[in-house]
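For reference, the structure is listed below as structure tokens.
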Amino acid sequence: MTEQRGTLARVKAAPQWVAVSLAALVVVIASVASALLAPGSGGRSGAGAPAVSGRPASGAGATTTGSHPPIRPTAPTVAPVPDSIQHATEAAGPAVNITIDDGPDPVWTPKVLQVLRQHHVHATFCMIGPQARAHPDLVKQVVAQGHRLCDHTVHHDTTMDHKPFAYQKSEIMDALSMIEQASGGARVYYYRAPGGAFTPPSRALAAQHGMRPLGWNIDTKDFDRPGVPVILGTLKDEIHNGPTILFHDGGGNRTQTVKALGESLTWLRQQGYAFSFPKVD
Ligand SMILES: [Zn+2]
């Protein structure tokens, strides 16, 4: 015990000696370096900074940025948002929010993106976590084309509101991290419970992570493939319900959706509607 303490004491004492010696050495090197550099550098870095003047001697000027470790691409830290279910648009005046659920899908998402591009419309994509993880290229395309991301859970369980909070939490948070990773760290602005299966605690959880709970006003029923005219008819019949409109780019053959979406965007613009995102704050 005593011996170990003695050893420890010596070990502890050693750094002080080392530190003093090193400090002296640094001062000497710094002085020599500044003396050597002084003629060439013309006093650019100022005379009263010997500790700094040692740096140029190691030729580090150009590597200043390179010497920092690269910043990991992580999701931005976002402030909490209100936890009530949002339907409103960010845009003032007559406007709608186009929302596209249940993707991304390698066949249908590119076709939906093409229609949106042709009509110069930005939409909100409510994505299933594992599908985002399986198709990160599609998630990145969605973001790059100016659309917004929405968390639509891991398993699309429309009865999740009847299950324990721990389950709801993993459905929401696991999907969030899958979507964030697939996107390369883009913000996920919204959380939409599958089938609207929100609960107060799950809304609060999403809101704490910057995701506004997102509802809808018009279900075009495109998912059921009733035919393009019926989908468009539903939109026209329900347009006064509110501004948030639901379409799908996953869950099966979306040929009707792609055609109906194009016709819907044309009609909406003719009616004088602008295209917006759901209000976050
Ligand atoms: Zn859905």
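Derivation of every value follows stated rules applied to the coordinates shown; laboratory data play no part. Only a predicted model underlies this, so the values are computations on that prediction, with no experimental measurement involved. Cβ atoms come from the backbone with ideal geometry, glycine included; neighbour counts cover every protein chain shown.
Quick look at the values:
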| quantity | calculated |
| --- | --- |
| Nonlocal amide H pairs with T89, under 5 Å, H built at 1.01 Å | K279 |
| Residue-count net charge about W108 - beta-carbon cut-off 9 Å; Lys, Arg +1, Asp, Glu -1 | 0 |
| Those residues of the stretch 216-234 whose amide nitrogen sits under 14 Å from the label point placed on Q270, 7 Å along Cα→Cβ | 229, 232-233 |
| L214 long-range amide H proximity, modeled H, under 5 Å | Q86, Y191, R192, A193 |
| Residues listed by number, the stretch 200-218, amide nitrogen under 20 Å from F165 label point at 7 Å toward C-beta | 200-214 |
| Over the stretch 95-276, relative contact order from alpha-carbon pairs under 8 Å, at least 6 apart, % | 29 percent |
| Of every Cα-Cα pair in the stretch 181-281, the percent that sits beyond 24 Å | 34 percent |
| Rounded, prolate or oblate (a/c below 1.5 giving rounded, otherwise prolate when a/b exceeds b/c) for the stretch 95-276 by Cα gyration tensor | prolate |
